[in-house]
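Notes follow once the structure below has been shown.
The values are calculated or read from the model by the stated rules, or taken from the named source; none is laboratory data. Everything quoted here is computed from the prediction, not taken from an experiment. Note: ideal-geometry Cβ built from the backbone for every residue, glycine included; neighbour counts use all protein chains shown.
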Amino acid sequence: MASFVKGRCPTRLQVTMSIYRLDRPQATLVAILFVGAILAACNRPSDTQATATPTPLTMPRMPATAPAKTEDSWLVLTNLPENATQIDRGAEIWRLVCQDCHGDMGQGLTQDWIAKWDPKDQNCWQTKCHASNHPPEGFVLPQYVPPLVGTTALGRFETASDLQTYMRDKMPWHKPGSLQDDEYWDLTAFVLDMNGINPLPAQLDAEQGATIHLR
């Protein structure tokens, strides 16, 4: 019978010559068994053959945890006039933190306000942006944000202190309670000023805020 090299599949000619040397009855049986064994061995993958690495499943990513409040503010107020007042500071905090959702004039998240954004930012609710599958550092943006300016906008709050407490506990939307207490008072003074509630004390605080009634 023809000799075969270990580790290599024999050629069709080698198999044929090996079977040809046998008697016809033997050749028929051997042909069936031998060819089947050869083909099975040749079709079996080598131990050293590289196998495909399975693609790992992507698990849903959890939203980021809001950072804990620290003694130092994370805000940097650079756009302030000289001798800035509490209302001036509140206006700058509003611009940096509140304006995107509440509008530049406190009108809320209206279509007219959204139209002023950069076109590429006008669909914040698209996938992997501010939708439910946002990145870990992101958050879900509500599609309705009520106005904070108007005759009834602050009617849910009894006093200015109640307004400040609500903002301190609930805002900003993506990092509730992350501002300093005096920064929430700066914002409160600015919101009151936008609603025409003045004159205000030079430095609004809890004691004075309790005396300013909003309804």
The stretch 92-111, subset surrounded by fewer than 15 Cβ atoms within 10 Å (Cβ to Cβ) and outside any helix (DSSP H, G or I), residue farthest from the chain's Cα centre (by Cα): 105
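Can you name the residue in the stretch 70-111 that is of a type in the set (S, T, N, Q) and touching a Pro at 6+ places or on another chain (Cβ under 9 Å) and is also farthest from residue 187 (Cα to Cα) among such residues?
Selected residue: 110.
One line per residue, one yes/no per condition, for (1) at pLDDT 95 or above; (2) under 26 Å from the mean Cα position of the chain (by Cα); (3) surrounded by 10 or more Cβ atoms within 10 Å (Cβ to Cβ):
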site: 58; (1), (2), (3): no, yes, no
site: 90; (1), (2), (3): yes, no, yes
site: 133; (1), (2), (3): no, yes, yes
site: 157; (1), (2), (3): yes, no, yes
site: 161; (1), (2), (3): yes, no, yes
The stretch 68-80 - residue that is surrounded by 10 or more Cβ atoms within 10 Å (Cβ to Cβ) and of a type outside the set (Ser, Thr, Tyr) and, of those, modelled with the lowest pLDDT: 69
Long-range neighbours under 8 Å by Cβ, at least six apart or interchain, first residue touching a residue at least 24 places away in the same chain (Cβ under 8 Å) within the stretch 74-101, second β-branched (Val, Ile, Thr) and surrounded by fewer than 19 Cβ atoms within 10 Å (Cβ to Cβ): 101/145
